[in-house]
Amino acid sequence: RAALDALTVAKDGVDGSAVYLYGEAWNMGSAANDALFTAARQANLAGTGIGSFNDRLRDGVRGGGPFDSDQRTYQGFGTGLYTDPNETPDPADAATTSSGTKIPYNALTDLYYRTDLVRLGLVGNLAAYELPSDKGSGTPVLGSDFGYGAAYGSVGVDGRQAAGYAAEPAEVINYADCHDGTTSFDNGMWKLPTDSTMDTRVRMAVLTMATTALGQSPSFWQAGEDLLRSKSLDANSYNSGDYFNAIDWTGTTNVFGTGLPVTSGDTAAMTALLDNPANRPDAAAMARANQMALDLLRVRSSTPLLTLGNGALIRDRVHFLNDGVDPTPGLIVMDIEDPATGTPDVDPALDAAMVVFNASPQTIVEKIDGQAGRAWALNAIQAGGADLVVKGVTFDAATGTLTIPGRTATMLVLVASATPAAPATPAAPTGGTAAGTPVLAWLLLTGLAAITSVGTKLRRRSES
């Protein structure tokens, strides 16, 4: 990082400080926990400006982990956990502590835990950010104290790490799939109920993309994710060749169901899914997903409120509403305040933006904390966009009641007025200072994929 910062246009032909440096930064192997040296791992990158892949949000939205023996277990926020359970029975225990105590598994607790991982990812995985309700308990918890790992990140379970570790949002890259692992569409094929319609699969795939696109950190989409990319359930495709890794950029064909992966897995279960023609995306499904995904990118680039670019400013302006004791399963409401009297006034066109997710199948109608009397409206992009369902999002200013259809992600806006906007009631954050978004370019260190910048751009690359 220091070497890049020393590069100048006059001397080297490039402004090195504008280059975004990032890597995987996993805490693993013989160097885990700095056993051999101070490693460039997630927990050590705070304050460096170096980006790291956020496996916390990934596991929160996808469910489970990449090395689970049965991919059908442990659904996630974006794959139907608790609100749309699949046919696989829940495990009896979530994990066993180092002292031998078994921690029972509870799907609702797991959903609250994974929803909090998504919330924390939306605000840049900041160590100093305070979530309002630790796993639906109503007790606030700092990102650095919120656990990540087996059994809801419980203390005493081997492998537990702090969920929040960043000082600035650019030190985290939010993603749901990349490289040689199971694609988001294939992950949903495993974890959603087997009788899910293609419309359900499209909506949950787009909702998964929205958890990165509508957050404060750089948003990373694997190449072809917007086209419901499949590798025919291949979970380790680094050596599987073009047959499983191919992408049809015309959106005409899809790899799903073209063959049984050569890598290991439950052959019988894979065959049952791959042989069902209803599970293979057709051109219409891929086009719909692509158009909805493009609308998400347009929403992201429509306001700088989604890319505040500064940890202190995020803590000051971004608050989660309706997250107290036993909150509504599948609902996330993220309020981003931008009063005209604020310093800075980040977006003169808006007094606030509200990002909302409903990951459940049912429409949610709910009064939103402190929002009565505020004229929230669906953003113009989705109001005129490809998704007909999201156009059913409404807000009743008289009562402060939000209506959001199932399996929907959106942003509402509060158009700037002559009078200062009222602040959201639950927030008690620390102050911050203004900062622009520094990320202007990328240095690709890990091969592959598609990344949206902290601001507006999308670059597509095929996997190597």
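The Cα atoms of segment 247-329 define a convex hull whose projected area, averaged across directions, is 10.4 nm².
Based on the alpha-carbon gyration tensor of segment 64-206 and its eigenvalue square roots a ≥ b ≥ c, which shape applies: rounded if a/c is under 1.5, prolate if not and a/b is larger than b/c, or oblate? Oblate. Dipole size of the chain about its Cα centre, with +1 on Lys/Arg Cβ and -1 on Asp/Glu Cβ: approximately 520 debye, rounded to the nearest 20.
Would you please give the FRET efficiency between residue 98 and residue 394, computed as 1/(1 + (r/R0)^6) with r the Cβ-Cβ distance and R0 = 51 Å, to the nearest 0.05? The formula returns an efficiency of 0.55 here. Scanning the chain for chymotrypsin sites (Phe, Trp or Tyr not before Pro) that sit in a DSSP loop and have at most 13 other Cβ atoms within 10 Å, the longest stretch containing none of them is 250-464. Beyond 29 Å, what percent of the Cα pairs of segment 6-149 remain? It works out to 30 percent of all Cα pairs. Across bins of 10 angstrom width beginning at 0, how are the C-alpha pair distances of segment 225-378 distributed, in whole percent? Calculated P(r), rounded to whole percents: 9, 25, 24, 21, 17, 4, 0. Note that segment 47-120 presents 38 Å² accessible area per residue, ligands and nucleic acids not counted, probe 1.4 Å.
Here the calculated FRET efficiency for residue 284 and residue 377, from their Cβ-Cβ distance with R0 = 30 Å, stands at 0.50, rounded to the nearest 0.05. Rounded, prolate or oblate, given the Cα gyration tensor of segment 9-60, with a/c below 1.5 counting as rounded? Taking the square roots of the gyration eigenvalues as a ≥ b ≥ c, segment 9-60 is oblate.
Taking the protein heavy atoms of segment 145-198 in the context of the full set of protein chains, the accessible area attributed to carbon and sulfur is 52 percent at 1.4 Å. Go through 135/367; 135/231; 367/391 and tell me which ones have a Cα-Cα distance over 28 Å in this structure. The answer is 135/231. Counting pairwise Cα distances across the chain, what percent come out greater than 31 angstrom? Here the long-distance tail beyond 31 Å is 39 percent of all Cα pairs in the chain. Here, segment 252-293 has an Rg and a Dmax of 12.4, 34 Å when only alpha carbons are counted.
Among the GluC sites (Glu not before Pro) in segment 83-174, those placed in a DSSP loop whose Cβ has at most 12 other Cβ atoms within 10 Å are 87. Treating each Cα of segment 168-292 as one equal point scatterer and applying the Debye formula with no solvent, the log10 of I(q)/I(0) at q = 0.12 Å⁻¹ comes out as -0.42. Within the accessible area of segment 220-274, the carbon and sulfur atoms contribute 55%, probe 1.4 Å, all protein chains present. In this simple spin-label model, placing a label point 7 Å from the Cα along the Cα-to-Cβ direction at both residue 403 and residue 31 gives a separation of 5.5 nm. Computed over the chain, the per-residue total of -39500 (n - 2.57) for DSSP H runs of n ≥ 4 gives a 222 nm mean residue ellipticity of -6000 deg cm²/dmol, rounded to 500. Accessible surface for segment 174-322, divided over its residues, is 31 Å² per residue with a 1.4 Å probe.
The values are calculated or read from the model by the stated rules, or taken from the named source; none is laboratory data. All values reported here derive from a predicted model rather than from experimental measurement. Note that we place each Cβ from the backbone using ideal geometry, even for glycine, and neighbour counts take in every protein chain shown. SASA here: full protein model, heavy atoms, side chains in, ligands and nucleic acids out. Shrake-Rupley method; radii C 1.70, N 1.55, O 1.52, S 1.80 Å.
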